[in-house]
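Bear in mind that the values in this text are calculations on the coordinates, not laboratory data. Model, not experiment: these values are computed from the prediction. Every residue, glycine among them, receives a Cβ derived from its backbone with ideal geometry; neighbour counts consider all protein chains shown.
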Ligand code: SAH
Ligand code: DHB
Ligand code: MG
């Protein structure tokens, strides 16, 4: 009953603010064709990422976890002409599909996809010593979320927005004795985030067409 209502409201918002075009619906379909799980963000969450990008005037974005490129396409569409996204994907099958979908979206010049485990690629990006990212979206495997966030801070400047998907996991984060490694990973992450001195942060719970979940939003403080 409630799930039905939440889905209807999600669709209502989507129809107003976040309608998908063929590029986006084809990207979602491509996951089924390739037997890849439907773990993309929703279209309303895609629009939310765009709003956050506009809020910080994002020109340089880092994403951890590309899957089929659905969230990458939403974000790349909000970049200015000289903007750029680096997205990291561990699974070559996913990465190849993401590249296809990004090319189909006409966004190849704005997206650099790096195939490899985030814990290997992130130190490489740090050693390249480029300018910091304006927005960072963490959406890969859940156990190392805390470590990803530590790298994200090193790649940030005061004002950088860091957004992390799936930090509520249908409310399973309330279970103190859980054996689920994904839930344990986000429990550890949420606690760290709440105590982190370098950011001002909160969690926005999300209900809708996806399972009950939430996104953490952190803004790096002025005195980083
Ligand atoms: N952001 C995507 C969904 C990502 S799903 C979207 O909304 O469209 C999570 C992705 O993280 C999967 O493709 C998975 O292969 C990838 N992943 C898992 N472990 C990883 C790791 N260690 N490093 C980088 N990517 C990883
Ligand atoms: C899972 C991962 C995601 O990024 C997501 O949005 C939903 C589920 C998962 O690994 O279970
Ligand atoms: Mg996710």
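Among beta bridges from DSSP that stay inside the chain, the antiparallel ones total about 40%. Going by the alpha-carbon gyration tensor, a ≥ b ≥ c the square roots of its eigenvalues, is the chain rounded (a/c under 1.5) or, if a/c is not under 1.5, prolate (a/b greater than b/c) versus oblate? Because its axes are fairly even, with a/c under 1.5, the chain counts as rounded. In this structure, residue 180 and residue 224 have a Cβ-Cβ separation that, at R0 = 41 Å, corresponds to a calculated FRET efficiency of about 0.80.
The shape of the stretch 121-223 comes out prolate: with a ≥ b ≥ c from the C-alpha gyration tensor, a/c is at least 1.5 and a/b beats b/c. At full extension, residue 188 and residue 81 could sit 34.7 nm farther apart than now, given 0.36 nm per residue minus the alpha carbon distance.
Distance between the C-alpha centres of the stretch 169-224 and the stretch 128-158: 15 Å, rounded to the whole angstrom. Helical content alone sets the calculated 222 nm signal of the chain at -13500 deg cm²/dmol, taking -39,500 (n - 2.57) per DSSP H segment of four or more residues and averaging over every residue. Do you know the relative contact order of the stretch 2-220, to the nearest whole percent, from alpha carbon pairs under 8 angstrom that are 6+ apart? About 19 percent, as a whole number. Once the chain from residue 59 to residue 15 is taken as fully extended at 0.36 nm per residue, the excess over their C-alpha distance is 13.1 nm.
Put simply, when 211-217, 81-87, 178-184, 106-112 are sorted by average Cβ atoms within 10 angstrom per residue, most first, you get 211-217, 81-87, 106-112, 178-184. Round to a whole angstrom and tell me the spacing of the C-alpha centers of the stretch 3-40 and the stretch 55-122. Rounded to whole Å, the Cα centres lie 19 Å apart.
Note on residue 28 and residue 204: the extension gain reaches 60.9 nm, defined as 0.36 nm multiplied by sequence separation minus the Cα-Cα distance. Spacing of the modelled spin labels on residue 172 and residue 211, each 7 Å from Cα toward Cβ, amounts to 0.5 nm. How would the stretch 115-180 be classified by its alpha-carbon gyration tensor: rounded, prolate or oblate, with rounded meaning a/c under 1.5 and the a/b versus b/c comparison settling the rest? The shape class here is prolate.
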